[in-house]
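Peer 1: Before I ask anything, let me first share the structure, which is written out below as C-alpha cells.
The values are calculated or read from the model by the stated rules, or taken from the named source; none is laboratory data. It should be emphasised that the depicted structure is a prediction, and the values quoted were computed from it without experimental measurement. Counting neighbours? That spans all protein chains shown, and the Cβs are built from the backbone with ideal geometry, glycine included. Each accessible area value is taken on the protein alone, full model and side chains, heavy atoms only, with ligands, DNA and RNA left out. Shrake-Rupley method; radii C 1.70, N 1.55, O 1.52, S 1.80 Å.
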Amino acid sequence: MLTGLAIRFTLRPMIPPDLPVAEAIPALLQSLSARPNAVLVAPPGAGKTTTIPLALRTAAWLGGQKIIMLEPRRLAARAAATRMAHLIGEPVGQSVGFRTRIDRAVSDATSIEVITEGLLVRRLERDPGLAGVACVIFDEIHERSLDSDLALAFCLDLQTEYRPELRLLAMSATLDGARLASLLDAPIIESAGRLHPVTITHAAKDIPHIRDLPDAMARAVRAALADHPGDILCFLPGMAEIRRTESALGHCGAVVLPLHGDLPPAEQDRALNPAVNQRRVVLSTSIAETSLTVPGVRIVIDGGYRRAPVLDAGTGLARLTTRRISRAAADQRAGRAGREAPGVAIRLWTSTQQRGLAAFDRPEILDADLAGLTLACAAWGAAPANLRFADTPPPGRVETARALLRTLGALDDQGKLTDGGREMAALGSHPRLAAMMLAARDGGEMALAADLAAILEERDSLRGAASADMFLRVAALDGRAENADRGVVFRTRQQAGQYRARLKTRAPAAGDIGFLLACGFPDRIALARGGDAGVFRLSGGGTARLPPNDPLARETCLVAAGLEQKDSARITLAASLDLTHLPPVLTAAITETVESGFDAVSGAVFCRRRRRLGQLVLEDRMVAADGLQTAAILARVLCEKPDLLAWTPAARQFQARVGFARSIGADLPDMADTALADDAAMWLAPFLAGMSKLADCAKLDLAAALRARLDYAGLAALDRDFPAEIALPGGRAKIDYTQPVPQAQARAQAFYGLRETPKLAGGRVALRLALLSPAGRPIAVTADLGAFWQGGWADARRDMRGRYPKQSWPEDPGLAVHVDTRRPRPIA
C-alpha cells in the first residue's frame with residue numbers, strides 16, 4: 001500500500017488530494033498495469049469523473065496513446081472536460097477535450113477525450129481497431145443506456161479478437177459490481193465513504209398523483225429555504241414539471257434556475273456556476289444525477305420520478321413514460337448534497353415507498369427500439385446474440401428491428417448487410433433517418449433530408465404548436481417561427497450542418513417533405529379514415545389521431561414521423577403525402593389483389609380489385625369477375641348450404657347409391673354433403689360455367705354433375721353391382737338406396753315367377769322387396785321372397801282375392817307367369 005505522501009506524489013499537484021477517490025487510485029493503477037480491465041465503484045462526490053482520467057495519463061501502458069471517456073450526456077461531457085482542463089491549467093481542447101454530437105473542443109494535442117456514448121459506437125463502426133486509443137473509460141456505467149451497452153459489447157469483442165492490450169475501465173457510484181466484474185473478467189476496486197455526510201428524510205405521506213408533484217416540490221423548497229442553509233437542487237421528471245414548479249416558486253427569495261438538456265450552453269452554465277450573495281434553487285431533470293457538480297448545493301429535494309422511453313410491444317411505437325426511480329438512483333441524487341459540505345436530502349415519498357423501489361433502474365436495452373443496435377451489429381459483423389451484453393437484447397425486439405431494416409433495404413432477405421445498409425450505418429443516425437437521407441436524389445433534397453433528420457433527433461422546437469406539420473419545423477430553422485425554442489433550433493442547426501457535410505451538399509434545402517419522410521417511415525403512412533376528421537389508419541397497423549383543428553387533419557394521406565403512444569397513438573410530427581408520387585421503397589411494397597365474394601342479399605358474385613400498402617387499402621374498385629372464380633364461389637356457397645342446391649330425387653338416389661357402395665368397400669369418391677362442400681371447386685364448379693348468381697343455378701343438372709365425378713370404369717362398376725333398378729318377370733323396379741337396406745318395390749304381380757330375392761354386389765347383399773297391392777299399398781316387405789311365397793303369402797292372397805277379384809292371385813307365385821294382358825301400368 002502506498003503512503004499518503006506517495007499518493008499525493010502520484011496524483012501530481014493538479015489532482016485535489018483530498019477527494020475520496022484518491023485512496024483507490026494506487027490500487028486501480030496497479031490493477032490496470034497487470035490486467036486490461038477493472039471496475040471502479042466510488043460514491044457520488046468522490047471525484048472519479050475528473051480525477052481518474054488525469055491519474056491514468058502517466059501509466060506506462062498508455063504508450064503515448066489516447067484515453068477516451070464516455071459520458072451519458074452532452075452537458076456532463078462538456079463539464080467534465082472543462083473541469084479537468086482547469087485542473088491542469090489549460091483551456092479545454094488542448095490536452096483535455098470533449099466531443100458531442102453537436103459540438104467539440106479537441107486538437108492534435110488532446111490525450112484525454114470525453115465523448116458521449118453514441119459517438120464511440122460511430123467511431124468503432126468507422127475504425128473497428130480504435131487506432132491510437134489505449135483505454136476506454138465507461139463513466140456512470142450503471143445508467144445502462146443502449147449506446148453504453150453497445151459500445152461496451154463492441155470493445156469487449158475488439159479486445160478478445162484483436163487488441164488484448166486495450167484497457168477497459170467501468171466506473172459508477174451505484175453498481176451491481178459483481179455482475180459487471182464477471183462480464184469484464186475484472187477486479188472490483190472500491191472507494192468508500194462520501195466526502196461529507198448527508199442527512200436523508202422522507203415525507204410523511206406519498207404524493208397522491210404525479211400531477212401534484214410541482215406544488216409539493218414548491219412547498220418543500222420554501223420550507224428548505226427557511227430551515228437549511230445553502231443552494232437547493234431539485235429533481236423533477238421533465239420540463240413540464242420544471243416549468244410548473246418554477247411558476248409556483250415566484251417571490252421565494254432565491255434565484256430559480258432550470259437545468260435540462262434542451263437549454264443553450266450559456267443557460268446551463270448559469271446553473272453550474274456559483275452565484276454571488278444569492279441563494280439558488282436549481283430545478284433539474286435527471287441530467288444532474290451523475291457526473292456533474294452543482295456548486296453551492298447543500299440541499300437535494302427529490303421528486304422520485306424520471307422520464308424514460310419505452311417501446312410499446314403492441315404498437316411498435318416508443319412512448320415516453322414517467323416512472324419511479326430506483327433505490328440506486330435515489331442514492332445518487334442524495335449524494336449531490338454532500339459534495340462540498342454536510343447536506344440534506346429530502347425525499348418526497350415515504351420510507352414505505354422507499355422499500356418498494358427497484359434496486360436498480362431497468363436497462364434501456366430491454367425496452368428500447370433496437371433498430372439502430374441491430375444495424376450497428378450487422379455492420380460490426382456479429383449478431384447481437386453473439387456479443388457480450390450485460391443483458392441480452394430481447395430476441396423478439398431484435399427480430400422486429402430486422403424486419404424494419406429489411407423494409408428500409410439495410411438487410412437482405414438472409415439478414416446480411418446490404419451496400420445501402422453499410423451507407424446507413426456510416427451516417428451515424430437512426431436507420432430510418434439514414435434511409436431518408438440516402439434516398440435524396442439531388443443536393444437540395446439532401447439538404448432538406450439533413451434538416452429533417454436533425455429535427456427528428458432533437459426535441460420539437462415548436463412544442464405545443466397548433467399543428468404537427470413538419471413544414472413549420474423546417475421553417476423554424478430558417479428563423480421563420482417566432483415561438484420556436486431557440487436552444488432546440490440552435491442544436492438542430494448544428495446537427496443538420498454535420499449531416500449536410502457528411503452528404504457533401506451545400507445546396508439550399510428544397511424538395512417534397514412528405515416524399516422524403518416516407519422513405520424513412522414506410523410503416524407510418526397514414527390514410528384518413530372516412531367520416532372522422534383527424535383519424536388515420538396506419539400502414540403498419542392500428543390508428544392514430546390529430547386534433548380536429550390541426551390543418552393536417554383534413555389531409556387524405558400523411559407520413560406520421562412522430563407518434564406518441566398514450567391512451568391511443570397521437571401524431572406529433574407529420575407531412576402530407578401525394579399518393580401519386582410515392583418513393584420506390586413504397587411502390588415496391590404495394591400489393592394488388594383481386595378479391596371475389598358472394599353477396600347474400602343480391603345472391604350474386606362480386607369482384608373487387610384492391611391495391612394495398614401494408615394495412616392500408618389505397619384503391620378499391622369493382623371489376624368484372626373471372627368466370628372460373630365465379631363458378632368456384634357459387635359452388636362453395638351452394639355446398640355450404642345444401643338446401644340451395646337443386647337436389648332432385650334422382651340426384652339423392654345417386655348420392656345414396658355411391659354412399660352404400662362405399663360402405664361395403666367400393667373404391668369410389670366420398671359424396672356425403674360435407675365432402676361435397678369441401679371439394680365443390682372440383683366437381684360442381686365446371687357445371688356452373690356462365691352463371692353469376694344463385695337464380696341461374698336452378699338450371700343445374702345435379703345428378704349429371706354427381707355422375708361426372710366417376711370415371712368410366714367406376715360408373716360401369718356402380719351400374720353393374722349397384723344398379724338403379726332391377727328387372728322383374730312383370731317389369732322393372734327402382735331401388736331405393738336411401739333406406740338402411742336398399743329396397744325395391746312393385747305390384748305383387750310383377751314378382752310372379754321370381755323364386756328368390758335378387759342380390760347386389762355380385763350376390764353379397766340381399767335386397768329388401770316391397771310387394772304392393774293394385775292400389776299401390778304395401779302388402780308385405782321381405783328380405784326372403786322364397787320363404788314369403790311359402791308362408792305369409794297365403795294370408796295375403798285371401799285378403800287380396802276378396803278385394804281385387806279380377807286380378808290373378810295364384811297359390812304359388814314362384815311358379816306362376818305374369819298374365820296381366822291389360823295395358824301395363826308403370827311400376828313404381
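Peer 1: Looking at the range 445-467 only, could you name the residues that are touching a residue at least 12 places away in the same chain (Cβ under 8 Å) and outside any helix (DSSP H, G or I)?
Peer 2: Glu458, Arg459, Asp460, Ser461, Leu462, Arg463, Ala465, Ala466, Ser467
Peer 1: Scan the range 135-152 for residues that are open to solvent by 10 Å² or more (accessible area, probe 1.4 Å) and not in a helix (DSSP H, G or I) and report the count.
Peer 2: 2
Peer 1: Still on this structure: Since Arg502 meets every condition but one in (1) open to solvent by 20 Å² or more (accessible area, probe 1.4 Å); (2) in contact with an Asp or Glu (Cβ under 9 Å, 6 or more places away or on another chain); (3) within 29 Å of Gly421 (Cβ to Cβ); (4) touching a residue at least 40 places away in the same chain (Cβ under 8 Å), which condition does it not meet?
Peer 2: Checking Arg502 against (1) open to solvent by 20 Å² or more (accessible area, probe 1.4 Å); (2) in contact with an Asp or Glu (Cβ under 9 Å, 6 or more places away or on another chain); (3) within 29 Å of Gly421 (Cβ to Cβ); (4) touching a residue at least 40 places away in the same chain (Cβ under 8 Å), the one that fails is (2).
Peer 1: Is there any pair linking a residue in the range 369-392 that is touching a residue at least 12 places away in the same chain (Cβ under 8 Å) and farther than 14 Å from Gly428 by Cα to one that is open to solvent by less than 20 Å² (accessible area, probe 1.4 Å) and not in a helix (DSSP H, G or I), with Cβ under 6 Å and at least six apart or on different chains, and which?
Peer 2: Leu370/Pro393; Pro384/Pro393; Asp391/Pro363
Peer 1: Next up: Restricting attention to the range 429-461, which residues are closer than 22 Å to Asp369 by Cα, among the basic types (Lys, Arg) and either surrounded by 22 or more Cβ atoms within 10 Å (Cβ to Cβ) or out of contact with any helix residue (DSSP H, G or I) (no Cβ under 6 Å at 6 or more places or on another chain) (or both)?
Peer 2: Within the range 429-461, Arg432 is the sole residue that qualifies.
Peer 1: Is there a residue being open to solvent by 20 Å² or more (accessible area, probe 1.4 Å) and either free of Cβ contacts under 8 Å to residues at least 12 places away in the same chain or out of contact with any helix residue (DSSP H, G or I) (no Cβ under 9 Å at 6 or more places or on another chain) (or both) anywhere in the range 532-541?
Peer 2: Yes, the range 532-541 contains at least one residue that is open to solvent by 20 Å² or more (accessible area, probe 1.4 Å) and either free of Cβ contacts under 8 Å to residues at least 12 places away in the same chain or out of contact with any helix residue (DSSP H, G or I) (no Cβ under 9 Å at 6 or more places or on another chain) (or both).
Peer 1: Let me ask something additional. Among the numbered criteria (1) closer than 30 Å to Gly627 by Cβ; (2) in a helix (DSSP H, G or I); (3) in contact with a Gly (Cβ under 7 Å, 6 or more places away or on another chain), which one does Met671 miss?
Peer 2: Against the list (1) closer than 30 Å to Gly627 by Cβ; (2) in a helix (DSSP H, G or I); (3) in contact with a Gly (Cβ under 7 Å, 6 or more places away or on another chain), Met671 comes up short only on (2).
Peer 1: Go through the range 118-134 and report how many residues are surrounded by fewer than 24 Cβ atoms within 10 Å (Cβ to Cβ) and touching a strand residue (DSSP E or B) at 6+ places or on another chain (Cβ under 7 Å).
Peer 2: So the count comes out to 4.
Peer 1: Right, another one. Identify, please: which residue in the range 379-411 is touching a Gly at 6+ places or on another chain (Cβ under 9 Å), open to solvent by less than 30 Å² (accessible area, probe 1.4 Å) and part of a helix (DSSP H, G or I) and is, among those, farthest from Ser148 (Cα to Cα)?
Peer 2: Leu408
Peer 1: Okay, next question. crowded, with 19+ Cβ neighbours inside 10 Å, within 20 Å of Arg486 (Cβ to Cβ) and of a type in the set (A, V, I, L, M, F, W, C), is that true of Val281?
Peer 2: For Val281, the condition - crowded, with 19+ Cβ neighbours inside 10 Å, within 20 Å of Arg486 (Cβ to Cβ) and of a type in the set (A, V, I, L, M, F, W, C) - is not met.
Peer 1: Out of everything in the range 462-484 that is of a type in the set (Asp, Glu) and more than 32 Å from the chain's Cα centre (by Cα), what residue ends up being least open to solvent (accessible area, probe 1.4 Å)?
Peer 2: Among residues in the range 462-484 that are of a type in the set (Asp, Glu) and more than 32 Å from the chain's Cα centre (by Cα), the one least open to solvent (accessible area, probe 1.4 Å) is Asp478.
Peer 1: Within the range 412-428, which residues are assigned to a loop (DSSP other than H, G, I, E, B), out of contact with any strand residue (DSSP E or B) (no Cβ under 7 Å at 6 or more places or on another chain) and surrounded by fewer than 17 Cβ atoms within 10 Å (Cβ to Cβ)?
Peer 2: Hits for the range 412-428 are Asp412, Asp413, Gln414, Gly415, Lys416.
Peer 1: Given the conditions (1) open to solvent by 70 Å² or more (accessible area, probe 1.4 Å); (2) out of contact with any strand residue (DSSP E or B) (no Cβ under 6 Å at 6 or more places or on another chain), which single one is not true for Arg732?
Peer 2: Among (1) open to solvent by 70 Å² or more (accessible area, probe 1.4 Å); (2) out of contact with any strand residue (DSSP E or B) (no Cβ under 6 Å at 6 or more places or on another chain), Arg732 violates only (2).
Peer 1: Does the range 197-221 hold any residues that are surrounded by fewer than 16 Cβ atoms within 10 Å (Cβ to Cβ) and over 41 Å from the mean Cα position of the chain (by Cα), and which are they?
Peer 2: Correct list: Pro197, Thr199, Thr201, Ala204, Arg219.
Peer 1: Output the number of residues of the range 525-555 satisfying the condition of being polar (S, T, N, Q) and farther than 16 Å from Arg612 by Cβ.
Peer 2: So the answer is 2.
Peer 1: Same structure again: Can you tell me how many residues in the range 540-566 are of a type outside the set (Val, Ile, Thr) and more than 17 Å from the chain's Cα centre (by Cα)?
Peer 2: 13
Peer 1: Then there's this: Tally up the residues in the range 100-115 that are farther than 25 Å from Gly261 by Cα and either in contact with a helix residue (DSSP H, G or I) (Cβ under 7 Å, 6 or more places away or on another chain) or of a type in the set (Gly, Ala, Ser) (or both), please.
Peer 2: The total comes to 3.
Peer 1: To continue, here is another question. Given the criterion touching a helix residue (DSSP H, G or I) at 6+ places or on another chain (Cβ under 8 Å), at pLDDT below 85 and aliphatic (A, V, I, L, M), identify the matching residue among Val559, Val601, Val605.
Peer 2: After applying the criteria, what remains is Val605.
Peer 1: Please find, among Pro44, Pro72, Pro53, Pro91, the residue that is crowded, with 20+ Cβ neighbours inside 10 Å and at pLDDT 90 or above.
Peer 2: Pro53
Peer 1: Considering the range 264-298 alone, what residues qualify as being more than 36 Å from the chain's Cα centre (by Cα), outside any helix (DSSP H, G or I), under 20 Å from Glu140 (Cβ atoms) and at pLDDT 75 or above?
Peer 2: Val282, Val294, Pro295, Val297, listed by residue number.
Peer 1: Sticking with this structure for a sec: Taking interchain pairs and intrachain pairs at least six residues apart, which have beta carbon atoms under 8 angstrom, with the first residue in the range 764-781 and among the charged types (D, E, K, R) and the second open to solvent by 40 Å² or more (accessible area, probe 1.4 Å)?
Peer 2: Arg764/Ile664; Arg768/Gln739; Arg768/Val741; Arg768/Val781; Arg768/Ala783
Peer 1: Quick check: anything in the range 22-36 at pLDDT 85 or above and outside any helix (DSSP H, G or I)?
Peer 2: yes
Peer 1: Can you name the residue in the range 567-585 that is crowded, with 21+ Cβ neighbours inside 10 Å and within 19 Å of the chain's Cα centre (by Cα) and, of all such residues, is farthest from Arg441 (Cα to Cα)?
Peer 2: By that ranking, first place goes to Ala569.
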